[in-house]
Amino acid sequence: MKLKEVDRTAMQAWSPAQNHPIYLATGTSAQQLDATFSTSASLEIFELDLSDPSLDMKSCATFSSSHRYHKLIWGPHKMDSKGNISGVLIAGGENGNIILYDPSKIITGDKEVVIAQNDKHTGPVRALDVNIFQTNLVASGANESEIYIWDLNNFATPMTPGAKTQPPEDISCIAWNRQVQHILASASPSGRATVWDLRKNEPIIKVSDHSNRMHCSGLAWHPDVATQMVLASEDDRLPVVQMWDLRFASSPLRVLENHARGILAIAWSMADPELLLSCGKDAKILCSNPNTGEVLYELPTSTQWCFDIQWCPRNPAVLSAASFDGRISVYSIMGGSTDGLRQKQVDKLSSSFGNLDPFGTGQPLPPLQIPQQTTPHSIVLPLKKPPKWIRRPVGASFSFGGKLVTFANVRAQPQPGAEQQPQPQHVFISQVVTEEELLCRSEQLQQAVQSQGFVGYCQRKVDAAQTEFERSVWSFLKVNFEDDSRGKYLELLGYRKEDLGKKLIKEEKQESEFLPAAGETFNISISGDIDGLITQALLTGNFESAVDLCLHDNRMADAIILAIAGGQELLARTQKKYFAKSQSKITRLITAVVMRNWKEIVESCDLKNWREALAAVLTYAKPDEFSALCDLLGTRLESEGDSLLQTQACLCYICAGNVEKLVACWTKAQDGSSPLSLQDLIEKVVILRKAVQLTQAMDANTVGVLLAEKMSQYANLLAAQGSIAAALAFLPESTNQPNIVQLRDRLCRAQGDAVSGQQESPRTPYERHQVSKGRPGPVAGHAQMPRAPAQQYYPHGENPPPPGFVMHGNVSPNVAAAQLPTSPGHMHTQVPPYPQPQRPQNGWNDPPALNRGPKKKKMPENFTPPVPITSPIMNPLGDQSQMLQQPSAPVPLSSQAPFPQPHLAGGQPFRGIQQPLGQPGMPPSFSKPHIEGAPGAPIGNTVQHVQSLPTEKITKKPIPDEHLILKTTFEDLIQRCLSSATDPQTKRKLDDASKRLEFLYDKLREQTLSPTIINGLHNIARSIETRNYSEGLTIHTHIVSTSNFSETSAFMPVLKVVLTQANKLGV
């Protein structure tokens, strides 16, 4: 996009990068005339002000010169980093002269602006360049192969790089190397380029095209690679840019053929080596990538040729182009809109004519209307790729799950070679953990939930409590999991029945001394006083009058005793009258206890006595009203202004089992902003919910709104620390709050599971399951793929009958039979279709093929079928025809115990169950049975009977918690491979691997593997979680090469098969 333009037929030079503001110097071009045929010359300096929207550039100064120029450069000689000194302008004249100007004096308007000049050259000086390492060194080239090296500190005497090249020719281009300060290159129109070494003072290599049509019009060194340079040809027959590497100088490294006619000038960006400008006779200015030859940008130019183009050193996106139509244009390669510039041109055109009617009517003209275009906006697109200077050198961003994604655009050193491949850019993903204590406590909580060790967990919390209130809370939570929880609650409140019982015994001993002796006589008085009237009422059985007389005489105890004898109705009326007349301190308590009005105690007691009120509720309240009374007392405490009483309300809610109110009260009383404070709350909530589930049969999935919010905050916090599996386990699943549904979806995707709602939903932490140490397992939403077709299981303790088993002749019921030794762990067996003899295998896991028909044995006449053995898949033995027609269903994988394998009498092993080659769980001798007929049938004329042997149910040990991650990771990987595999043979390999890995799980149960192998397996599991299967294979190789073969041969080969298939499938 065009930014500025200057109407000058001139050479150009940008101010050095240190200089600010940015200046553009122009000198009248030699061998070019404008329309006026003027022979005057000038040197002008313009300021580039991009804040000004107009196309005009501000002219800072003009110096009338007696010289016209073939080349103009602006060197940074004697400039400091702040650009206080404007450097030096170096001009190449028509008559072999080189003139040095002081641009600062030109700007200030001084007359003496020439620093020095020298006319040692022959002919016009067309080539100039400044050494970027030693800015006082300037190279120049002219006719007759003249090349001089000038020292600006001693300008009178130049140096030569070596002897002149022969035959003599013009020097059209010259350039210093951008990496090595003593290397200089020159080129001539004949197409030859010479590289000079100033230390040796001689040319070291000459480069030329063999076609002899290469007329050099431009030369530039690679900004970064010292041995590479480009040459441009202005010959219309060969309009190319050749890229040469001096290490392979026999032919060009690359040829750019983007122009249709000869190229007049080139410029290589110092800010981005992948940007090379070129302008040609086809009136195009192209920005290409010299490494690939791709055109990245074509500047919108007119139909005029450009003879000079230059990048701006300070602003790398800006360039200038001088054309033969007498105009210097400034462009930006970053694109933009041309609508504003077009409107400004129209406004300028209108203002130049004025706003009056030219025909003398004196009426103002209407504003000039721009005809509407079909495209309302003219947008100039930028480069096809972002240039290097706007690329971020480094970058970092946090992603979900506590992942930190970083990158660094490290500049790689180019390697020698004919082709330069794009350097790979690395992105690093690291796990950031900032709350280690939180993760540790979360793991302890999960372990307590899995192991059901709540009492020990609460006791550890009591021991570690820092405050008395914290100790009380965990003590109350602990009581929920103990026997006689109400009695334990009373003890925590300071009331022990044993202590009270001891005090009562002492009082009874003292009162017993004053009791009247038994057998003494007493007087029955019927006098007219109160005692006589009471006596008469009692003698006549009028208990109601007797009670009234006792109450009238304030003899409360006598009244109560008599009311008991008078019946429940009289007792109730007497109690009311007693409570109405009594005014003692504990009357209301006695009233509530006797009347069973516990709500009165909770609602009316002084909150300073909340412990006593809670103790009364614990002692007397019925189970159906206990929780409500504790809630009521907690609500009263929470509504008080006293912060201490507000915190004590948590104990009431713990007794009530009200999780939601506990969350609200704890949040109000504690600082819930810190992660550890939230951890404190979650620990109490999880333990209390578990206690409520055990004691009150609460629905585990019922979660209140406030609790769901806190649990989602906690899950977010765990996810931010990288503990995705734990976060998914703690996240409530019974709520439809949008934020929780979204978080569950993100967690499932982060763990690589199916989206929640499509597959099995994630589990909550309140179910009993194993959670690994921060690594994802098969919980929380994994789609559990079936490992094999639907199969049926034999009941434990029963032997499956062999297919087609036939018994002949006499039977010996008392023949003792032995069991084959079985390997620990799972026994994988499969019943083949009957009958199925073996032949050599074609593939490592191919099923056996039939090579002959089965032999049928004749049934004896006196054959009596045995009692049928009922099992899930076998037919009664009497239905032999059906058994011959239908293959037996395969025996499934056992999850508990292997089937004992009986022997035939006489030591002949029972071969009723065949196993395909490669399956574990069977001795090698059982892989290829060599008997004929039905498997397990008697051989020859031997008539024997296999007695059903009593079997013992074998219970397998569980895999230790610290190694359970191995099983879940390997099984999960196999399921992912099975879901992605399409080849049946691959699926057979994976199914077989799943079965053979049971050997590994058995060794983990028995803990017979060495620590080295265990550590290696855990490293493999971690590499599987990060999808780095090549690293897993490397670890696998190391384990196999450094361990005992007999210890790993059963499972390490199939583990390698699984890793190889996962790497191949890319799961």
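The values are calculated or read from the model by the stated rules, or taken from the named source; none is laboratory data. Computed from a predicted model, the values in this text were never measured in an experiment. Here Cβ is always computed from backbone atoms with ideal geometry, including for glycine, and neighbour counts include all displayed protein chains. Accessible surface areas use protein heavy atoms only, side chains included; no ligands, DNA or RNA. Shrake-Rupley method; radii C 1.70, N 1.55, O 1.52, S 1.80 Å.
Could you tell me whether any residue of the range 32-53 is open to solvent by less than 60 Å² (accessible area, probe 1.4 Å), touching a residue at least 60 places away in the same chain (Cβ under 8 Å), out of contact with any Asp or Glu (no Cβ under 9 Å at 6 or more places or on another chain) and assigned to a loop (DSSP other than H, G, I, E, B)? Yes, there is a match, as at least one residue in the range 32-53 is open to solvent by less than 60 Å² (accessible area, probe 1.4 Å), touching a residue at least 60 places away in the same chain (Cβ under 8 Å), out of contact with any Asp or Glu (no Cβ under 9 Å at 6 or more places or on another chain) and assigned to a loop (DSSP other than H, G, I, E, B). Among the residues of the range 69-87, the ones that are over 17 Å from T108 (Cα atoms), modelled with pLDDT under 90 and either in contact with an Asp or Glu (Cβ under 6 Å, 6 or more places away or on another chain) or open to solvent by less than 80 Å² (accessible area, probe 1.4 Å) (or both) come to 3 in all. The residues of the range 1005-1019 that are aliphatic (A, V, I, L, M), farther than 11 Å from H1036 by Cα and out of contact with any Ser or Thr (no Cβ under 9 Å at 6 or more places or on another chain) amount to a single one, I1014. List, please: which pairs have Cβ atoms under 6 Å, are six or more places apart or on different chains, and start with a residue in the range 956-967 that is on the phi > 0 side of the Ramachandran plot and end with one that is crowded, with 17+ Cβ neighbours inside 10 Å and not small (G, A, S)? Short answer, once both residue conditions are applied: none. Taking the criterion of being open to solvent by less than 40 Å² (accessible area, probe 1.4 Å), in a loop (DSSP other than H, G, I, E, B) and free of Cβ contacts under 8 Å to residues at least 60 places away in the same chain, the residues of the range 121-135 that qualify are H121, G123, V125, N131. Within the range 1040-1050, can one find any residue that is among the hydroxyl-bearing types (S, T, Y), buried (at least 21 other Cβ atoms within 10 Å of the Cβ) and either under 30 Å from the mean Cα position of the chain (by Cα) or over 26 Å from S430 (Cβ atoms) (or both)? Yes, the range 1040-1050 contains a residue that is among the hydroxyl-bearing types (S, T, Y), buried (at least 21 other Cβ atoms within 10 Å of the Cβ) and either under 30 Å from the mean Cα position of the chain (by Cα) or over 26 Å from S430 (Cβ atoms) (or both). Where helices (runs of 4 or more DSSP H) fall wholly inside the range 960-1022, the ranges with 1 or more residues that are under 22 Å from A725 (Cβ atoms), open to solvent by less than 10 Å² (accessible area, probe 1.4 Å) and at pLDDT 85 or above are 964-980, 998-1006.
Screening the range 424-447 for residues that are within 22 Å of I687 (Cα to Cα), touching a residue at least 40 places away in the same chain (Cβ under 8 Å) and not charged (D, E, K, R) and picking the one that is most open to solvent (accessible area, probe 1.4 Å) gives Q447. So, of the residues in the range 142-166 that are buried (at least 19 other Cβ atoms within 10 Å of the Cβ) and part of a strand (DSSP E or B), which turns out to be farthest from the chain's Cα centre (by Cα)? Taking the candidates together, the pick is P158. Restricting attention to the range 88-107 and to residues that are farther than 17 Å from P16 by Cβ and assigned to a loop (DSSP other than H, G, I, E, B), the residue that is most open to solvent (accessible area, probe 1.4 Å) turns out to be N95.
For the range 469-514, the candidate set comprises residues that are acidic (D, E) and either in contact with a Phe, Trp or Tyr (Cβ under 6 Å, 6 or more places away or on another chain) or at pLDDT below 75 (or both); within that set, the residue that is least open to solvent (accessible area, probe 1.4 Å) is D499.
Restricted to the range 719-754, and to residues there that are among the polar types (S, T, N, Q), over 28 Å from C977 (Cα atoms) and not in a helix (DSSP H, G or I), the residue that is most open to solvent (accessible area, probe 1.4 Å) is N736. When W244, W268 are checked against the criterion of being out of contact with any Gly (no Cβ under 9 Å at 6 or more places or on another chain) and open to solvent by less than 10 Å² (accessible area, probe 1.4 Å), a single residue qualifies: W244. Taking the condition among the polar types (S, T, N, Q) and more than 60 Å from the chain's Cα centre (by Cα), does T135 pass? No; evaluated as a whole, the condition is false for this residue. Scanning the range 456-468 for residues that are assigned to a helix (DSSP H, G or I), surrounded by 15 or more Cβ atoms within 10 Å (Cβ to Cβ) and among the hydrophobic types (A, V, I, L, M, F, W, C) turns up C458, V462.
Among residues of the range 161-172 that are closer than 13 Å to Y148 by Cα and polar (S, T, N, Q), none has a beta-carbon under 7 Å from a residue that is open to solvent by 60 Å² or more (accessible area, probe 1.4 Å) and modelled with pLDDT of 90 or more at least six positions away or on a different chain. Residue pairs whose Cβ atoms lie under 9 Å apart, separated by 6 or more positions or on different chains, with the first residue in the range 1009-1023 and farther than 10 Å from H963 by Cβ and the second crowded, with 17+ Cβ neighbours inside 10 Å and of a type in the set (F, W, Y), are I1020/F970; S1023/Y1029. Against the conditions (1) in contact (Cβ under 8 Å) with a residue 24 or more places away in the chain; (2) open to solvent by less than 30 Å² (accessible area, probe 1.4 Å); (3) closer than 17 Å to Y489 by Cα, L607 satisfies every one except (3).
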